[in-house]
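To start, the structure itself, in structure tokens.
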Amino acid sequence: MSWNRNQENHTLNFELPAPTNITASTNVDFVVKLDPHPDEQDTTDNTGQVQDLTFVDRVSPRLYFTHINFAGIGFPALADVEPGVGDAFVQGIYPVNDADPALYTEGLFPTLTYNNDPNGNSVIDATEVGDLLDGLESIRQMIVGGATGNTDNIFLYGWVKGNPVNGNGWATIGGRVAFGNTEYVRHQRTYAHELGHNFGLFHNGRRLSPDVGWDTGGRLDGNPAGNNTTGLVKGSSLSDIMVGGQLSNSAWVDITTYNALLGSGVIGSASADASGDTSMDLTGRGVAYISGVLDPSGSSVVRLNPVFRYPWPAQASAPSETGIFTAELVDDAGVKYTARFDGLMANDGGGGNDTVHGFFALRIRVPEAQEINSLTIVRTEDGTELASIQRGLPPTITLKPPATGLKLGKETELTWDVSDPDTSLTDLRIQLAYSADRGLNWVPIGVNIAGTESSFSFNSTEILSTEGASGIIRAIVSDGLNTVYSELRGFEVSRGRTRR
């Protein structure tokens, strides 16, 4: 008989479940024994083994998703993106713990409406991507879980109804946010592709031959018939997940990509700041969140956002040894703190010019007691200044009780008074956060609100219900380098969601 490794019934295929209550080991032996077939002439190759394998303890990322209503086209259906469907390709190809029920979950905060479509073509063009990723990252910064705070282990993906995206999807390379389409024949793979960018991977042109293995497409729960995928073993004619513009039935993962992820600290361990410190700053003031948007060519800073020092546990970004840009903070004691970055985004179009400069985000640890006097973005190579912010007098903000009182119904309107003695209201940025449990956990309810606004409405049924009057709402404002907040306590939310 002529054996063909591309044929499912000619190969031995199996999976090892994630071990439980087992610590890492460097001397694991893996043995395979096959019972002989009655007609088999040579049984000497029925046993094989690999000795002294190294097993490591890994940390699962926390993958959150949200729905995006772009330009009034509506939200995608939950059934298309829910756990077990939206993340099926991710679970099939990446070294993550598939058995972790918290691996991929819906964010328990209001869904995102994004109407920035200046040319009115109902397409998220390259020039509009930075603003959407900016909104998603602001949301991610306010996903805070108790003592664990907000870390580089948290990722956020936005699903858009249909495919009104120039390039199928976009992601920050080495960042933590991305978004993409819900087109049936590609959306599960698009998510895995964009997440690959978040994990630090770039596009490649690799085909998988002669590698063979599990066909993720054939195992996708609810995989559309249009993907024409029926077997459990893939052939050798597919493309690596980081080849752009593929459909779900034409992509898998090759050994090079898989091994790169196995050796990456991004999804394998807790991240550290530039000093190697993985501890939390329990007040948040000790971590400065910096973000903005670069020109696609990287020649200029289009927008440098106000810096936030959030009032909850946070962790500085993982260190970067390279980066053509450097963020420089100087505190009121004259001490300088720096971090390098590239600010790259990538789309999934599969054509040329698919990696450009754009939205960037990073967090730098600063002593809690010190104020930040200046922020400057420079070109690392020659120190050329591209943008800067100088500290002025702090703003003030006062959050007012909603008209519904402390018991929130379906729709809630928040109002506030905000002022600043030396900064235009147009330069202020306001974030709204909610806690259902007296401040242990936090989620966003509104992000990137202009200082000229004095109210915001949200759907109270999209946030968690409280146990009694345990709810808190905070309005947080930054004028550039000063962060202040106002809060209201004692809210009751009886018609909200429950944790899954």
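The values are calculated or read from the model by the stated rules, or taken from the named source; none is laboratory data. Fair warning: this is a prediction, and the values are worked out from it, not measured in the lab. Note that each Cβ is placed from the backbone with ideal geometry, even for glycine, and that neighbours are counted across all protein chains shown. Each accessible area value is taken on the protein alone, full model and side chains, heavy atoms only, with ligands, DNA and RNA left out. Shrake-Rupley method; radii C 1.70, N 1.55, O 1.52, S 1.80 Å.
Side notes on the structure shown:
- Accessible surface, the chain, averaged per residue in Å² (probe 1.4 Å): 44 Å²
- Take the Cα of SER122, step 7 Å toward its Cβ, do the same at GLN51, and the gap between the two points is 6.6 nm.
- Most tightly packed first, judged by the mean number of other beta-carbon atoms within 10 Å of their residues, the peptides 292-305, 26-39, 126-139 read 126-139, 292-305, 26-39.
- The portion of the accessible surface of segment 45-93 made up by carbon and sulfur, rounded to a whole percent, is 50 (1.4 Å probe; DNA, RNA and ligands excluded).
- With a cut-off of 20 Å on the backbone N, the residues of segment 133-166 near the modelled label site 7 Å out from ARG489 along Cα-Cβ are 144-147.
- The stretch between LEU393 and ASP100, if pulled fully straight at 0.36 nm per residue, gains 100.8 nm over its current Cα-Cα span.
- Relative contact order (%) - criterion: Cα under 8 Å, at least six apart; region: segment 349-500: 25 percent
- Student exercise, the chain dipole from Lys, Arg, Asp, Glu Cβ charges, in Debye to nearest 20: 960 debye
- Summary of packing: across the peptides 375-387, 440-452, the per-residue average of other C-beta atoms within 10 Å ranks them, highest first, as 440-452, 375-387.
- Mean Cα-pair separation over length for the chain, i.e. relative contact order, pairs under 8 Å, 6 or more apart, %: 13 percent
- Where labels lie 7 Å past Cα in the beta-carbon direction, separation of ASP35 and SER264 in nm: 4.2 nm
- For the peptides 472-483, 255-266, residues were scored by their other Cβ atoms within 10 Å and the scores averaged per peptide; the highest-first order is 472-483, 255-266.
- Protein accessible area in segment 321-392, 1.4 Å probe - carbon and sulfur %: 43 percent
- Structure-derived semi-axes √(5λ) of the Cα gyration tensor in Å: which label, when the choices are (1) 31, 29, 22; (2) 38, 26, 23; (3) 43, 25, 23: (3)
- Beta bridge orientation in the chain: antiparallel %, DSSP, nearest 5: 75 percent
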